[in-house]
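Report on the following structure.
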Amino acid sequence: MNINKVFYHSSTNMNEVPDNSVDLIITSPPYFNIKDYTKNGTQDLQHSAQHVEDLGALEKYEDYLLGLLKVWLECYRALKPNGKLCINVPLMPMLKKVLNTHYNRHIFDLHADIQRSILHDLNNMLENKPKMFLLDVYIWKRANPTKRLMFGSYPYPRNFYAQNTIEFIGVFVKDGKPKQPTEEQKEQSQLTQEEWVEFTKQIWEIPIPNKNDIAFGKHAALSNLLYEHRSRIIPLYQRINNSYSKDKTIKICDNNLKLLYKDHQVCVNIDGKEMKLKYSENEDDFRKYIIGGWFEEYIYFELLDLLDKQVIYDLRLNMRLSVESMTDAQRNERPIYAELDMAFSDGKNLYIIECKSGGLKDKGVLANLSTNAQIFGRANAKCILISSDDHLGQNIQEKIKILNIKFIFKDFKENIENYLNDFRH
């Protein structure tokens, strides 16, 4: 089974997903009513209406757990025997002005309550069917280094509050013997000893990134520098490719511009402004980055402001998605993958972006952009071509009009926001 679709409705009824068809479910439910998801990040502007099926808008915690139980029943139905259900939730301290049950603040332990709901309430409803069991619990240590305190009785330690810097990932398993994988599947999924040791650690130290952290992109300052001097960088693409193909190094010295790369060490010097950094990804990834990937990253950082304001949602960079058809799946053929430079949603429509730092000469790029939009978003998908060059040939301009692609070559953030507003009015 390969659906490759997003269904925008309640998870209490996932009738599009057949029984016993899913190997793994990963979810992080709304944290009770601690956040109003109809409002923006600062909770001062409402962008959508409340929905009766929104589990994050229920007033009673007991009703919230009962609503989640309906979701777990649907997950159980869809899971294969030995299928896994992974649920990510935190401890949830409540403000006393919101919930005043006793002298100290009240804390909801979502993981413990969900665990009881699945192992007791759900299993009691299954009668003679296979049960759900707890397989493992992981602790996600998500703290960023910070001086921010949970004050409590600060500075006196009688009632100091923990910083609440962990979350739980409960892994539940549907009882039953799994279908044996093929030899090819076993080989493709084989782990090294180092990976095995790393992946089985029960505490995950993965800080939540700040906006300017490397997790939001490889090197924000470098992409800004390259964009600032794009007219000098882009003409060097062919020389960079030729230099790299010889010995996996890059050495370009041209008119007060130096670009050096060897053994993951990067040095860029433009008019005396120098940046040195270590590029830890695959060597060929840096070649791809320096001949155009930097522009995708630059646009990504531009759009983060729209994400913060909740003008857009679910912003993704460099997505690789399977476009396997049902026919291919029946033939056991390997899926075909589509790579999207960028994608985001406005809460209703899907927007797929193609970024071109150099000149655009191939109309096939536009056709692929339009095709990917149809595959992954159908009627609710929009295409955007972002380029650093506004000089398009006549044929390319005509193709853009035919395929109804929005072309943006300057003031990227402002023009995208205006484009979205046009659809809202």
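Out of all the residues in the stretch 351-364, which are free of Cβ contacts under 8 Å to residues at least 12 places away in the same chain and not in a loop (DSSP other than H, G, I, E, B)?
Answer for the stretch 351-364, where residues must be free of Cβ contacts under 8 Å to residues at least 12 places away in the same chain and not in a loop (DSSP other than H, G, I, E, B): just 364.
State whether one or more residues within the stretch 248-265 are of a type in the set (Phe, Trp, Tyr) and touching a His at 6+ places or on another chain (Cβ under 6 Å).
Checking the stretch 248-265: not a single residue is of a type in the set (Phe, Trp, Tyr) and touching a His at 6+ places or on another chain (Cβ under 6 Å).
When you look at residue 353, is it on the phi < 0 side of the Ramachandran plot, at pLDDT 90 or above and surrounded by 15 or more Cβ atoms within 10 Å (Cβ to Cβ), yes or no? Before the answer, list the steps.
On the way: on the phi < 0 side of the Ramachandran plot: yes; at pLDDT 90 or above: yes; surrounded by 15 or more Cβ atoms within 10 Å (Cβ to Cβ): yes.
Here the answer is yes, as residue 353 does meet what is asked.
Taking strands (runs of 3 or more DSSP E) that fall entirely within the stretch 240-315, which contain at least 3 residues that are of a type in the set (Lys, Arg) and not assigned by TED's automatic domain parsing to the domain that holds residue 348?
In the stretch 240-315, the matching strands (runs of 3 or more DSSP E) lie at 273-278.
How many of the residues in the stretch 304-315 are surrounded by 15 or more Cβ atoms within 10 Å (Cβ to Cβ) and either within 26 Å of residue 338 (Cα to Cα) or among the aliphatic types (A, V, I, L, M) (or both)? Please lay out each step first, then the result.
Taking the stretch 304-315 and keeping what is surrounded by 15 or more Cβ atoms within 10 Å (Cβ to Cβ), we get 304, 306-307, 310-312, 315.
Filter once more, keeping what is either within 26 Å of residue 338 (Cα to Cα) or among the aliphatic types (A, V, I, L, M) (or both): 304, 306-307, 311-312, 315.
Residues in the stretch 304-315 being surrounded by 15 or more Cβ atoms within 10 Å (Cβ to Cβ) and either within 26 Å of residue 338 (Cα to Cα) or among the aliphatic types (A, V, I, L, M) (or both): 6 in total.
Restricting the first residue to the stretch 88-100 and requiring it to be outside any loop (DSSP other than H, G, I, E, B), which pairs with a second residue that is basic (Lys, Arg) meet a Cβ separation below 8 Å and a spacing of at least six or different chains?
These pairs meet every condition: 93/105; 94/105.
Within the stretch 160-179, which residues are within 22 Å of residue 132 (Cβ to Cβ) and either in contact with a Lys or Arg (Cβ under 9 Å, 6 or more places away or on another chain) or exposed (fewer than 12 other Cβ atoms within 10 Å of the Cβ) (or both)?
Listed by number, the residues that qualify are 167, 171, 172, 173, 174, 175, 176, 177, 178, 179.
What are the pairs, 6+ residues apart or on separate chains, where a residue within the stretch 51-76 that is over 13 Å from residue 117 (Cβ atoms) has its Cβ under 8 Å from a residue that is in a helix (DSSP H, G or I) and modelled with pLDDT under 80?
51/57
For residues in the stretch 92-130 being aliphatic (A, V, I, L, M) and closer than 13 Å to residue 170 by Cα, which is surrounded by the fewest Cβ atoms within 10 Å (Cβ to Cβ)?
112
What are the residues in the stretch 372-397 that are assigned to a helix (DSSP H, G or I) and touching a residue at least 24 places away in the same chain (Cβ under 8 Å), if any?
To start, the set of residues in the stretch 372-397 that are assigned to a helix (DSSP H, G or I) comprises 372-380, 394-397.
Correct list: 372, 375, 376, 377, 380, 395, 396.
A quick yes/no check of all residues on (1) of a type outside the set (Asp, Glu); (2) without any contact (Cβ under 8 Å) to a residue 40 or more places away in the chain:
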| position | (1), (2) |
| --- | --- |
| 224 | yes, no |
| 235 | yes, yes |
| 244 | yes, no |
| 249 | yes, yes |
| 261 | yes, yes |
| 277 | yes, no |
| 283 | no, yes |
| 288 | yes, yes |
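The values are calculated or read from the model by the stated rules, or taken from the named source; none is laboratory data. Please read these numbers as outputs of a predicted model, since none were measured by experiment. Please note: Cβ atoms are built from the backbone with ideal geometry, for glycine as well, and neighbour counts cover all protein chains shown.
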